[in-house]
Amino acid sequence: MKVNKIFNGICKISLLLFPLFLLACHTNQKARPMCDLVTISRVETALNDPRGFEGQFTQIWPNGNQSEGRIVYVPGKLRLNYEVPSTMIVVAKGKKMVAKNFDDHSITHIGLARNPLGLMLNSPVHLSLPILVTTIQKGVNAFQISLASADNPSQGLLTLRFNDINGELTLIQMQAVDVRKQRTIMDISNVYKKVTIGDSYFNYPD
């Protein structure tokens, strides 16, 4: 009898606190791991796989123009080989991104401190302060996770969309919204994982 009373008391307390737990998941970043810790951890594991991945991409720029090429990623480093309509190489790592346009041989340097892309190029990737997980939206065999800088969320937003099939995550889309609210969408397909890529492949173009 005494055991039953204790059990009933615990159940009542749990029912009273359950709405508070749900509220915390939506309003408090510190409480988010109580609800989404597994998802966040799986994304970290996928992005920190030292063997990385490569695939094809189609990118839609803020003005609606479209480019195509190949993407290669290893933790902390990203290379984009643009093939259509112009030939360009972009390498992002550390604190900057360097782009070389082979049509006019121009080279552009862009800092990553205020660029949404920089949110996924820490090595290793930790989706905790100073990175803010703003939302996690789950669908059928897929989900997306949005990231911002905790210090200044208005500087930009990076949303990563993953296929989640048979317990394996595959990055299929990146959306970046910069400080001027300009949106760039990159769809990724034909992904090959666990590739071996030398460090020299990620040298900045010159």
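The spacing between the stretch 41-85 and the stretch 158-206, judged by their C-alpha centroids, is 3 Å.
Shown is the FRET efficiency for SER200 and ARG114, computed with R0 = 41 Å from the Cβ-Cβ distance and rounded to the nearest 0.05: 0.90. Taking amide H positions as modeled 1.01 Å from N, with prolines and chain starts lacking one, the residues under 5 Å from ALA150 and 5 or more places away or on another chain are ILE131, LEU132. Annotation: the residues VAL43, VAL125, sorted from fewest to most other C-beta atoms within 10 Å of their own C-beta, follow the order VAL125, VAL43. When the C-alpha to C-alpha distance is required to be over 26 Å, the pairs from LYS96/LYS138; LYS93/LYS138; LYS77/LYS100 that qualify are LYS96/LYS138; LYS93/LYS138. Here the Karplus curve 6.51 cos²θ - 1.76 cosθ + 1.60, taken at θ = phi - 60°, turns the phi angles of the stretch 75-81 into couplings of x, x, 9, 9, 10, 10, 9 Hz, with x standing for Gly and Pro.
In a shell of Cβ-Cβ distance under 11 Å around GLN56, excluding GLN56 itself, what net charge do Lys and Arg (+1) and Asp and Glu (-1) give? So the surrounding residues net to -3.
All other residues with a Cβ under 12 Å from the Cβ of ARG79 taken together, and with Lys, Arg as +1 and Asp, Glu as -1, what is their net charge? Overall, the nearby charge balance is +2. Amide H to amide H, with H built 1.01 Å from N, ILE172 comes under 5 Å of ARG161, PHE162, ASN163, counting only residues 5 or more places away or on other chains. Fully extending the segment from SER86 to GLN182 would add 32.4 nm, taking 0.36 nm per residue of separation and subtracting the current Cα-Cα distance.
Eigen-decomposition of the gyration tensor built on the alpha-carbon atoms of the stretch 108-156 gives equivalent ellipsoid semi-axes of 22, 12, 11 angstrom, largest listed first.
For the stretch 164-180, 3J(HN,Hα) computed residue by residue from phi via the Karplus equation (6.51, -1.76, 1.60; θ = phi - 60°) reads 10, 10, 6, x, 10, 9, 10, 6, 10, 7, 10, 10, 10, 10, 8, 4, 8 Hz, glycine and proline entered as x. Between amide H atoms placed 1.01 Å from N, distances below 5 Å from ASN122 occur with no residue 5 or more places distant or on a separate chain. Tell me whether the stretch 59-206 comes out rounded, prolate or oblate; compute the Cα gyration tensor, take square roots of the eigenvalues as a ≥ b ≥ c, and use a/c under 1.5 as the rounded threshold. It is rounded, given that a/c, with a ≥ b ≥ c, falls under 1.5.
Converting phi to 3J(HN,Hα) with the Karplus coefficients 6.51, -1.76 and 1.60 and the offset θ = phi - 60°, the stretch 42-59 yields 5, 5, 4, 4, 5, 6, 9, 4, x, 8, x, 7, 9, x, 9, 9, 10, 10 Hz in sequence order, with x at every glycine or proline. Computed from label points 7 Å out along Cα-Cβ, the spacing between SER41 and SER189 is 3.5 nm. Measuring r between the beta carbons of SER106 and LEU129 and using R0 = 45 Å, the FRET efficiency lands at 0.75.
Since every read-out is calculated from the coordinates, none of them should be taken as a lab result. Bear in mind that the values here come from a model prediction, so they are computed numbers and not experimental data. Every residue, glycine as well, gets a Cβ built from its backbone with ideal geometry; the counts of neighbours run over all protein chains shown.
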